[in-house]
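Asks: Structure provided below as structure tokens; questions to follow.
The values are calculated or read from the model by the stated rules, or taken from the named source; none is laboratory data. Quick caveat: nothing in here was measured; it's all calculated off a predicted structure. Ideal geometry is used to build each Cβ from the backbone, glycine not excepted, and the neighbour counts take in all protein chains shown.
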Amino acid sequence: MRLVNSAIRAFFSSREERIKVLLEQPLESQNKWLSYLLDNGSKTTYGKQFGMKNRWSYSKFSIQLPVQNYNSLMPYINRIMQGENNLLWNSRIDWVAKSSGTTQTKSKYIPITEEALKNNNYLAARDSLTFYCHLFPETEMFNGKGITLGGTIHELDGNCKVKCGDVSAILMNNIPVLGDFLKAPNREILLGSNWHEKLQKIAQNTVDENITSLSGVPSWMLLVLKEVLKISGKETINDVWPNLEVYFHGGVAFLPYINEYKEIMNNDRLFYMNMYNASEGFFGFQDQKNSDELLLLTDHGIFYEFISINETGVATDKIIPLSDVELNKVYELVITSLTGLWRYKLGDTIKFTSLNPYRFKITGRTTHFINVFGEELVVDNTDKAIKTACEATNAILNEYTVAPIYANVENSSGGHEWLIEFTQKPDNLENFIETLDRKLKELNSDYEAKRTDDLILKRPQIVIAPNGLFIKWLGEKNKLGGQYKVPRLQNDRKMIEELINMM
């Protein structure tokens, strides 16, 4: 394996040109891909509908093509799933990625093209390893194997002419067989559809392996790690896999989980590498040791635009290209990609922390906020506040969700009810609530104003959930798997009432 490690490490270390392109030529890359996207789009049903030309300038592109969301593109996607080609993209589409999301349907189905897999997903994965080897030139990661916690292949009704899976399952299903050499366990287990069985089998089949890397959503990876400790009888993951050196994480904010990971890992050498990989594409990864900011992937088959979000959290009419973004302003992400998504509103909001190169942080989703009382709380606020409260009270978080408490005749002020599942409960619940409330006030002036004298908002109410409640709820919703996450913030009480009724 040492020869293999040296050979693979040498390959990634030799890709200095890719590092230069991503760090120094972002706008040139964007112009290149816009031309390519327009050239292919002009040959599609969608492109012909809007008179698309490959020679369009950005100005013409932005004027002629409407901004879309999933619901507006859904008629095209439904036809693609029935086997029609050349609707949104100029090639045959054999796969759709199933994704959760706030739409008029239960699930989203994102078209996946061969070009997108090659020029976005797989290329971005190789580039992330290139940057990792650049940061850690003496890495021994390829001496062992990696656990990639993926999704499943889904059965669609008989009328569908395409195959369907979680995007991670599609990637795993299409990766060359050579890729299996460095993965554990085998592909059959990783693509299993029964999540309870799969998590147990992953743990059983890796506990005695030399695992050097992990990849997956933090909430689901924790379940694997806890099962590994249970099977091995060890106290920490470092006792099981002493050569583990990197965890590639994404899908949900890592901040609420970091304390539990550090405790369960007991490995100060472990590098936590932040990734931004969604069903719609691979958009960014961490490129620095001391910051989890994400480098925007500008040379991976995606053209980016940005919708300004004003101070009250509302999207404006202003849509700009990458060249016009500013530091520390919140934008909603709009993409045009090799999957045939044209000026597609992703629903994620980001804030640039650097313009040379373009680095950013994810601040939330346009659909994930609480604004029942004008408080404008976003996930970034609640993640940071609950992390602070956990640290102040020696608590370890598992999951949480927040819903409004409505004002009524008996209760003149509204509030927020937090349903929290702890791995380790706070040593002082009163202190936890006070710290949580104080931090929210520090982070959000609208929340602070509404909390003045309890006039509009009372202090948070905490309900401690029994262990396993959120997993049970996801199971009943048929949403077990790496692509499904517990919604953090709600503007109604439907979800929290379902959870409380299960307690």
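Asks: Can you tell me how many residues in the stretch 142-192 are without any contact (Cβ under 8 Å) to a residue 60 or more places away in the chain, under 20 Å from residue 223 (Cβ atoms) and under 21 Å from the mean Cα position of the chain (by Cα)?
Replies: 4
Yes/no matrix, rows are residues, columns are (1) out of contact with any helix residue (DSSP H, G or I) (no Cβ under 7 Å at 6 or more places or on another chain); (2) part of a strand (DSSP E or B); (3) buried (at least 21 other Cβ atoms within 10 Å of the Cβ):
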{"site": "351", "(1), (2), (3)": "yes, yes, no"}
{"site": "386", "(1), (2), (3)": "no, no, yes"}
{"site": "397", "(1), (2), (3)": "no, yes, yes"}
{"site": "422", "(1), (2), (3)": "yes, yes, no"}
{"site": "431", "(1), (2), (3)": "no, no, no"}
{"site": "434", "(1), (2), (3)": "yes, no, no"}
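Asks: Also, I was wondering about something else. Report whether or not residue 445 is small (Gly, Ala, Ser) and without any contact (Cβ under 8 Å) to a residue 40 or more places away in the chain.
Replies: Considered against the rule, which asks whether it is small (Gly, Ala, Ser) and without any contact (Cβ under 8 Å) to a residue 40 or more places away in the chain, residue 445 comes out as yes.
Asks: Still on this structure: Taking the stretch 436-478 as the region of interest, how many residues are part of a helix (DSSP H, G or I) and not aliphatic (A, V, I, L, M)?
Replies: Of the residues in the stretch 436-478, 18 are part of a helix (DSSP H, G or I) and not aliphatic (A, V, I, L, M).
Asks: So, one more: When the residues of the stretch 189-219 are narrowed to those that are more than 22 Å from residue 129 (Cβ to Cβ) and modelled with pLDDT of 90 or more, which ends up surrounded by the fewest Cβ atoms within 10 Å (Cβ to Cβ)?
Replies: Of everything passing the filter in the stretch 189-219, 208 is surrounded by the fewest Cβ atoms within 10 Å (Cβ to Cβ).
Asks: Go through (1) closer than 19 Å to residue 227 by Cα; (2) of a type in the set (Lys, Arg); (3) assigned to a strand (DSSP E or B) for residue 198 and report which single condition fails.
Replies: Answer for residue 198: the failing condition is (3).
Asks: Here is a further query. Search the stretch 120-140 for residues being within 16 Å of residue 299 (Cα to Cα) and among the polar types (S, T, N, Q), and hand back the single one that is surrounded by the most Cβ atoms within 10 Å (Cβ to Cβ).
Replies: Among those residues, the one meeting the criterion is 120.
Asks: If I filter the stretch 365-374 down to residues being in contact with a Gly (Cβ under 9 Å, 6 or more places away or on another chain) and either of a type outside the set (Lys, Arg) or buried (at least 23 other Cβ atoms within 10 Å of the Cβ) (or both), which single residue comes out as nearest to residue 348 (Cα to Cα)?
Replies: It comes out as 366.
Asks: Just for the stretch 230-254: of the residues that are in a helix (DSSP H, G or I) and buried (at least 17 other Cβ atoms within 10 Å of the Cβ), which one is farthest from the chain's Cα centre (by Cα)?
Replies: 240
Asks: Tell me, yes or no, whether the stretch 268-287 has at least one residue that is without any contact (Cβ under 8 Å) to a residue 24 or more places away in the chain, basic (Lys, Arg) and surrounded by fewer than 20 Cβ atoms within 10 Å (Cβ to Cβ).
Replies: Within the stretch 268-287, not a single residue is without any contact (Cβ under 8 Å) to a residue 24 or more places away in the chain, basic (Lys, Arg) and surrounded by fewer than 20 Cβ atoms within 10 Å (Cβ to Cβ).
Asks: On to the next question. For the condition closer than 30 Å to residue 92 by Cα and outside any strand (DSSP E or B), what is the one hit in 341, 333?
Replies: Just a single option satisfies the conditions, and that option is 341.
Asks: If only one of 381, 371, 356 is free of Cβ contacts under 8 Å to residues at least 40 places away in the same chain and not small (Gly, Ala, Ser), which one is it?
Replies: 356
Asks: So which residues in the stretch 285-318 are in contact with a Lys or Arg (Cβ under 8 Å, 6 or more places away or on another chain), modelled with pLDDT of 95 or more and outside any loop (DSSP other than H, G, I, E, B)?
Replies: 294, 295, 296, 305, 307
Asks: Among what's in the stretch 292-312 and is among the polar types (S, T, N, Q) and in contact (Cβ under 8 Å) with a residue 40 or more places away in the chain, pick the residue that is surrounded by the most Cβ atoms within 10 Å (Cβ to Cβ).
Replies: Taking the candidates together, the pick is 298.
Asks: Pick out the one residue from 166, 180, 157, 127 that is modelled with pLDDT of 95 or more and of a type in the set (Asp, Glu).
Replies: 127
Asks: Moving to a separate point now. Answer yes if at least one residue in the stretch 431-443 is more than 30 Å from residue 224 (Cβ to Cβ), under 26 Å from the mean Cα position of the chain (by Cα), at pLDDT 85 or above and among the hydrophobic types (A, V, I, L, M, F, W, C), and no otherwise.
Replies: Yes.
Asks: Do you know which of the residues in the stretch 1-26 that are in contact with a Phe, Trp or Tyr (Cβ under 9 Å, 6 or more places away or on another chain) and aliphatic (A, V, I, L, M) is modelled with the lowest pLDDT?
Replies: 1
Asks: Give the stretch 481-503 a look and list any residue that's surrounded by 18 or more Cβ atoms within 10 Å (Cβ to Cβ) and either assigned to a strand (DSSP E or B) or free of Cβ contacts under 8 Å to residues at least 60 places away in the same chain (or both), or say none.
Replies: Residue satisfying the conditions is 489 alone.
Asks: When residues of the stretch 212-229 are filtered for being closer than 16 Å to residue 251 by Cβ and of a type outside the set (A, V, I, L, M), how many remain?
Replies: Within the stretch 212-229, residues that are closer than 16 Å to residue 251 by Cβ and of a type outside the set (A, V, I, L, M) number 5.
Asks: Still on this structure, I have one more. Mind checking which residues of the stretch 319-330 are over 19 Å from the mean Cα position of the chain (by Cα) and either over 25 Å from residue 376 (Cβ atoms) or not in a loop (DSSP other than H, G, I, E, B) (or both)?
Replies: 319, 320, 321, 322, 323, 324
Asks: Pairs, please: C-beta under 6 Å, at least 6 apart or cross-chain, first residue more than 16 Å from residue 136 (Cβ to Cβ) and in the stretch 13-26, second modelled with pLDDT of 95 or more?
Replies: 18/127; 18/130; 21/299; 23/357; 26/298; 26/358
Asks: While we're looking at this one, here's another question. Which of the residues that make up the stretch 342-397 are acidic (Asp, Glu) and touching a Lys or Arg at 6+ places or on another chain (Cβ under 7 Å)?
Replies: Listed by number, the residues that qualify are 348, 375.
Asks: Tell me, yes or no, whether the stretch 473-480 has at least one residue that is surrounded by 14 or more Cβ atoms within 10 Å (Cβ to Cβ), touching a strand residue (DSSP E or B) at 6+ places or on another chain (Cβ under 8 Å) and farther than 21 Å from residue 366 by Cβ.
Replies: There is no residue in the stretch 473-480 that is surrounded by 14 or more Cβ atoms within 10 Å (Cβ to Cβ), touching a strand residue (DSSP E or B) at 6+ places or on another chain (Cβ under 8 Å) and farther than 21 Å from residue 366 by Cβ.
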